[in-house]
Amino acid sequence: MSSDGRVSRGLFLFLTVAAAVGFTALGVWQLERRVWKLDLIHSVENRIHGVAEPVPGRTSWPSINQADDAYRHVYVDGRFLHDRETLVQAVTENGPGFWVLTPLQTKDGETILVNRGFVSPERRSRSARAEGLSKGDVRVTGLLRISEPGGGFLRSNDPDADRWYSRDVAAIAGARHLPDAAPFFVDADATPNAGGWPVGGLTVVAFHNNHLVYAFTWFALALMAAGAALRLLRGVWLREEERVNSRLPGLIRRQFGKRPAAASRHSRC
């Protein structure tokens, strides 16, 4: 066997064993991710179905984050600023249209952006849903949502052209000159608005949980790599056994080939 052949087989064996170990580690990591995802889903469900709490005040805004606060059941009291609403393109179970994001000013002077719900394209104008433009103090109950900066899939928000594809709170607050705006928004619940528009309560809460499938995939790849390594080892063992067996007769002859001659000399004596 040439030294190059032994080196190449050794390298391939190392790579297959390393791949098996790596794939196994990835499978274990996916199982850990699955546990984390299930805990997250359970936590979010508890927030959604919990008792509504007052919306976080200004002092709490710096600590608001996705992991701890998304989908909290909250309520906020204040007055809508309908003349500063923003329409964000949306696709819902009711078809394509727009989210109506309207700033709500609290008695403390804070501004909370509220997603009042969905309107169809023919209802995008405020005059087409005038009944739903509530006046005076209102209470909005819904789910706290984290800002969606940047834009939608392959489309960026264009504040100058007033084209919005995501609910980017900071950008909307800047475009609408909203002072002291919270860094989150509130998805209004399904409480009907006068005239039927906007339609609230369309928040989609869905988490992709394919970690078990991914784990099985990685473990299957690990088994394949381990099988390749074992097959290679078996081939090495067989070749070594053949090499030893092929040398065995020669070794026997060298060890015992002269004994019959010695025995004949003793017999003549």
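One table, with the values for the structure above:
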item	result
Extension gain from Asp83 to Ser134, taking 0.36 nm per residue of separation minus the Cα-Cα distance	17.2 nm
Rg to Rh quotient for the range 39-114, alpha carbon positions, Kirkwood Rh	1.01
Calculated FRET efficiency for the pair Ala190/Ser125, C-beta based, R₀ 35 Å, to 0.05	0.90
Compactness relative to 2.2 N^0.38 Å, alpha carbon Rg of the range 72-196	0.98
Exposed trypsin sites (Lys or Arg not before Pro) absent: longest stretch of the chain, with sites in DSSP loops and at most 15 other Cβ within 10 Å deemed exposed	136-257
Residue-wise HN-Hα coupling along the range 76-93, computed from phi with Karplus coefficients 6.51, -1.76, 1.60 (Hz; x: Gly, Pro)	8, 9, x, 10, 6, 9, 5, 6, 10, 5, 10, 9, 10, 4, 8, 10, 10, 5
Spin-label pair Asp180/Arg231, simplified geometry with 7 Å Cα→Cβ offset, distance in nm	7.1
Given charges at beta-carbon only (K, R positive; D, E negative), |dipole| of the range 27-169 in Debye	220
For the range 154-182 versus the range 52-109, the gap between their alpha-carbon centres in whole angstrom	13
Helix runs (DSSP H) in the chain reaching 24 Å along axis by Cα, Kyte-Doolittle at least -0.5	3-49, 211-256
Percent of alpha-carbon pairs separated by more than 23 Å within the chain	67
10 Å Cβ shell holding at most 16 others, DSSP loop, chymotrypsin sites (Phe, Trp or Tyr not before Pro): longest site-free stretch of the chain	1-152
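All of the numbers you see were taken from the coordinates with simple rules; none came from a lab. What you are looking at is a predicted structure, and each value in this text was computed from that prediction instead of being measured. All Cβ positions, even for glycine, are placed from backbone atoms using ideal geometry, and neighbour counts span all protein chains on display.
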